[in-house]
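The next block holds one structure in the form of structure tokens; read it before the comments.
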Amino acid sequence: SPCMSIPSKLPHVGTTIFTVMSKLAQECGAINLSQGFPDFPIDENLIELVEQAMRAGHNQYAPMAGIPALREVIAAKVQRLYGHAYDPETEVTVTAGGTQAIFTALGAVVHPGDEVIIVDPAYDCYAPTVELFGGRPVHVRLGSDMRFDADAVKAAITPRTRVLMINTPHNPAGTILRDADMRRIADMLRGTDILLLSDEVYEHLVFDGESHASAINYPELRDRAYVIFSFGKVFHTTGWKMGYALASRALMKEFRKVHQFNVFSANTPVQHALAEYMKDPLRYEQVPAFYEEKRDRFLVGLRASRFEPLACEGSYFQLADYSRISEEPDTVFAERLAREFGVAAIPISVFYKEPPAGQRILRFCFAKQEETLDNAIEKLCEI
Ligand code: GLN
């Protein structure tokens, strides 16, 4: 029959905003600063390494947890940066991107009725994934200036809390967690059996001389954490859908039980290429300066417009308040910005369970060539 209907498991969920806005940008020929992805070419050396891996015959399933060479280079990098040696054999798993790693981690630990604390504005896969596994998302908000509000998070903890999800640098807010925040989180979780899911996919996009406060740096947090990373954000290869998860042996054991049945293993030739490419720390050490320059270029431009930029401490997203331009809700204004002014951005209300009344903020992605940024600024200054 042509009209079979099934009861939705996610009745409130539509199509992700990233797909909606990128499609709109394409339809109306707008400069796409909405969905976060680089518009510049990747390193030729990396492409050659993938080609070499394919020609060398690395085209069949990788081991379920990832090829040993890549897990080893990941463990070495993490030890170098965050001072803890994860065991590549039992504590590192290569995934098909950060989103899959988050899905798998939540699938491994969320039981029906469990509460998962989510800090809004939150990346849009968090809450639906919790719901799919029968959990209950408990939403709290970032505090003033889009900074972590430890008191609000602490107040949301109940005996049913199973996981706290944090994200630093934060998408979409562009703020980072600092040492004091991490210590507060350690304090509030001490003596509980609450797990931490720490989404650190923008670890290398931290600016102004600050350092990335990884959950790995804090033994108390590390022991209860799944820490999620992404190769796409570091090497400008979002379309390769490659990432990894780190966790203690016991937590990783449960993670892999799910991982083996939702992807089994991630792309083999790309794993070989990354294992080789990452041996040189320069390949990721140059990332912060590279993006800081882009942030500065976009920020200077934006300051000449009627948009009011918020602080961007990390990630490749710049928030801007448009209250001086329009009173429209952000979804309406974002659509008009794309159609009438030729720039696509993300309305951040979609990242809230309940968006704050009267908040008028859009998210712009500055992972773009200078020319793209300059063209966008020219248009934004005309408004
Ligand atoms: N992480 C990207 C962003 O925030 C989007 C990834 C996706 O489209 N799923 O824009």
Exercise. Would you be so kind as to identify which of 304, 64, 373 lies farthest towards the positive end of the dipole of the chain, taking Lys and Arg as +1 and Asp and Glu as -1 on Cβ and the Cα centre as origin?
Key: 64
Quiz item: For 44, 254, 210, what ranking results if the residue with the fewest other Cβ atoms within 10 Å of its Cβ goes first?
Solution: 44, 210, 254
Self-check item: Fewest-first sequence of 95, 268 by Cβ atoms within 10 Å of each Cβ
Solution: 268, 95
Exercise. Specify which residue in the list 32, 4, 42 is farthest towards the positive end of the charge dipole of region 1-116, using unit charges on the beta carbon of Lys, Arg (+1) and Asp, Glu (-1), about the Cα centre.
Key: 4
Self-check item: Of all DSSP beta bridges in the chain, antiparallel share, percent nearest 5
Solution: 45
Quiz item: Magnitude of the Cβ-charge dipole of region 181-311, K/R +1 and D/E -1, about the Cα centre, nearest 20 debye?
Solution: 380
Quiz item: Where nothing but the Cβ of Lys and Arg (+1) and of Asp and Glu (-1) is charged, how large is the charge dipole of the chain around its Cα centre, in debye to the nearest 20?
Solution: 960
Exercise. Compute from the Cα atoms of region 47-205 the Rg and the Dmax, the latter being the longest Cα-Cα distance, and quote both in angstrom.
Key: 17.7, 55
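Please give the length that would be gained between residue 158 and residue 51 if that part of the chain were fully extended, namely 0.36 nm times their separation in residues minus their C-alpha to C-alpha distance (nm, one decimal). Don't skip to the end; give the middle numbers.
Details: separation 107, 0.36 × 107 = 38.52 nm, distance 5.11 nm.
So the chain would gain 33.4 nm between residue 158 and residue 51.
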Quiz item: residue 382 versus residue 18, label points 7 Å from Cα toward the beta carbon: distance in nm?
Solution: 2.9
Quiz item: Given the chain, what whole percent of its Cα pairs are spread farther than 35 Å?
Solution: 25
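So how much slack lies between residue 279 and residue 353, counting 0.36 nm per residue of separation and subtracting their Cα-Cα distance, in nm?
Contour length minus Cα-Cα distance gives 22.5 nm.
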Quiz prompt | Per-residue [θ]222 nm for the chain (sum of -39500 (n - 2.57) over DSSP H runs n ≥ 4, rounded to 500) | solution = -11500 deg cm²/dmol
Quiz item: Where nothing but the Cβ of Lys and Arg (+1) and of Asp and Glu (-1) is charged, how large is the charge dipole of region 236-283 around its Cα centre, in debye to the nearest 20?
Solution: 180
Exercise. For a footprinting-style exposure proxy, rank 202, 352 by other Cβ within 10 Å, fewest first.
Key: 352, 202
Practice problem: Over 26 Å between C-alpha atoms is what I'm after, so list which of 241/368; 233/294; 257/279; 77/241; 233/279 land there. | Solution: 257/279
Self-check item: Per-peptide average of other Cβ atoms within 10 Å, ordering 134-141, 244-251 highest first
Solution: 244-251, 134-141
Exercise. Show me 311-317, 364-370, 7-13, 49-55 ranked by packing, highest mean number of other Cβ atoms within 10 Å first.
Key: 311-317, 364-370, 49-55, 7-13
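Laboratory data are not the source of any read-out in this text; all were calculated from the coordinates shown. The structure presented is a predicted model; accordingly, all values stated were derived computationally and were not measured. Neighbour counts run over all protein chains shown; Cβ positions are idealised from the backbone, glycine included.
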